[in-house]
Amino acid sequence: MAAVRLSEAEKLYIVHGVQEDLRVDGRGCEDYRCAEVETDVVSNTSGSARVKLGHTDILVGVKAEMGTPKLEKPDEGYLEFFVDCSANATPEFEGRGGEELGTEIANTLYRIFSSEGSVDLKSLCINPREHCWVLYVDVLLLECGGNLFDAISIAVKAALFNTRIPKVRVLEDEEGSKEIELSDDPYDCIRLNVDDVPCIVTLSKIGYRHVVDATLQEEACSLASLLIAVTSKGALTCMKKIGKGSLDPESIFEMMETGKRVGKSLHISLQKILDEEESLGTTRQKVGFLG
């Protein structure tokens with residue numbers, strides 16, 4: 001992950017500020033930076049979104065392709081995640097430098113979406129045991145400015161909200177062989193229900209307190225962070241600790257409560273923006289990536 005070098009005086013300044021609930025950029029400990037969210041930004045995908053959170057820039061594309069259901073879940077479709085860390089984001093990602101981080105992020109996304117109810121995978125099934133929709137979710141890190149996991153989870157939810165899957169019919173002839181007929185109407189499609197798709201809230205322990213949406217400088221002052229996946233109803237579906245430091249049980253419970261509270265408000269704000277953008281339809285002006 002991208003890192004910055006700070007002097008001891010700079011670290012002390014950040015830590016003392018956090019103790020007083022006053023961060024370097026003027027935010028409180030539970031405040032997010034201003035986020036820009038734009039959907040339908042890549043034309044050759046089934047759904048896409050771009051999220052800019054401070055100096056963190058994420059682009060997500062979703063491609064729906066027909067495949068064969070997994071043996072253990074013959075009546076469900078599934079999601080595949082791929083994360084690419086662009087060398088433009090930070091020099092550390094040059095060559096194969098970003099592979100380890102990309103794999104870690106992809107594994108985290110798999111773990112989050114493996115929880116039952118996050119996405120209705122049965123709606124992606126076309127013909128049990130034979131055909132289903134496979135959603136390939138490609139995440140591209142364009143710029144790293146801290147708090148990657150939160151920004152990626154927001155972008156993935158926005159892209160899934162924007163995803164349109166063509167409607168298909170299964171036709172059976174007299175001999176019993178089945179054919180799949182794709183609708184000719186580009187507007188005749190199904191949409192995913194993303195109400196229960198969780199967002200990640202990362203809480204970084206700095207000194208005796210914890211902060212959400214840490215910048216690169218704040219991440220350099222934190223030895224341990226807790227990733228919490230929270231649904232729009234405030235339910236905690238997944239939790240993961242990152243960093244070399246330790247967290248005592250009391251801190252973990254405090255961070256969980258903060259994560260639930262912050263996560264609920266994050267979902268409300270995100271859904272409001274997505275609904276507003278959806279209501280504009282084709283009249284909205286594209287001002288962001290590939291606009």
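Under 20 Å of direct C-alpha separation, and excluding same-chain neighbours fewer than eight residues apart, residue 260 reaches these aspartates and glutamates: 21, 30, 31, 116, 150, 195, 196, 213, 248, 250. Considering only 249, 198, 91, the mean-square fluctuation computed in a Gaussian network model of the chain, springs between alpha carbons under 10 angstrom, is largest for 249.
Its Cα gyration tensor gives segment 200-252 an equivalent ellipsoid, and the semi-axes of that ellipsoid, as √(5λ) in whole Å with the largest first, are 19, 13, 9. The stretch between residue 10 and residue 22 holds 2.9 nm of extra length on full extension. This uses 0.36 nm per residue minus the Cα-Cα distance. Within the accessible surface of segment 107-179, defined with a 1.4 Å probe on protein heavy atoms only, the carbon and sulfur portion equals 45 percent. What's the FRET efficiency of residue 123 with residue 55 using the Cβ-Cβ distance as r and R₀ = 30 Å, to the nearest 0.05? For residue 123 and residue 55, the calculated efficiency is 0.25. Taking 0.36 nm per residue of separation and subtracting the current Cα-Cα distance, fully stretching the chain between residue 188 and residue 82 would add 35.4 nm.
A crude spin-label estimate for the pair residue 44 and residue 208, with each label 7 Å from Cα along the Cβ direction, gives 5.7 nm. Residue separation of residue 248 and residue 272 scaled by 0.36 nm, minus their Cα-Cα distance, works out to 5.0 nm of gained length.
DSSP finds beta bridges in the chain, and of those with both partners inside it, around 85 percent are antiparallel. With one equal scatterer per alpha carbon and no solvent term, the Debye-computed log10 I(q)/I(0) for segment 1-104 at 0.10, 0.13, 0.22 1/Å reads -0.51, -0.78, -1.22.
Name the residue farthest towards the positive end of the dipole of segment 61-171 from the options 152, 124, 105, assuming +1 on Cβ of Lys and Arg, -1 on Cβ of Asp and Glu, about the Cα centre. Sorting the options by dipole projection puts first 124.
Between 18, 194, 44, whose Cα lies farthest towards the positive end of the dipole of the chain when Lys and Arg beta carbons carry +1 and Asp and Glu beta carbons carry -1, centred on the Cα centre? Farthest towards the positive end: 18. Rg/Rh for the chain stands at 1.02; both radii use Cα atoms, and Rh follows the Kirkwood definition. Take each peptide in 75-81, 209-215, 231-237, count the other Cβ atoms within 10 Å of every residue, and average; sorted highest first, the result is 209-215, 75-81, 231-237. In summary, the lysines within cross-link reach of residue 244, defined as a Cα separation below 21 angstrom excluding same-chain residues under 8 places away, comprise 11, 205. Taking θ as phi - 60° and the Karplus parameters 6.51, -1.76 and 1.60, the scalar couplings of segment 184-192 work out to 7, 7, x, 8, 8, 9, 10, 10, 7 Hz in sequence order, x denoting glycine and proline. Only Lys, Arg, Asp and Glu carry charge here, each on its Cβ (+1 for the first two, -1 for the last two); on that basis the chain has a dipole of about 780 debye about its Cα centre. In the frame of its principal axes, segment 85-190 has Cα extents of 61, 28, 26 Å, reported largest first.
The values are calculated or read from the model by the stated rules, or taken from the named source; none is laboratory data. Because the structure is predicted, anything quoted here is derived from the model rather than measured. We place every Cβ from the backbone using ideal geometry, glycine too, and count neighbours over all the protein chains shown. SASA here: full protein model, heavy atoms, side chains in, ligands and nucleic acids out. Shrake-Rupley method; radii C 1.70, N 1.55, O 1.52, S 1.80 Å.
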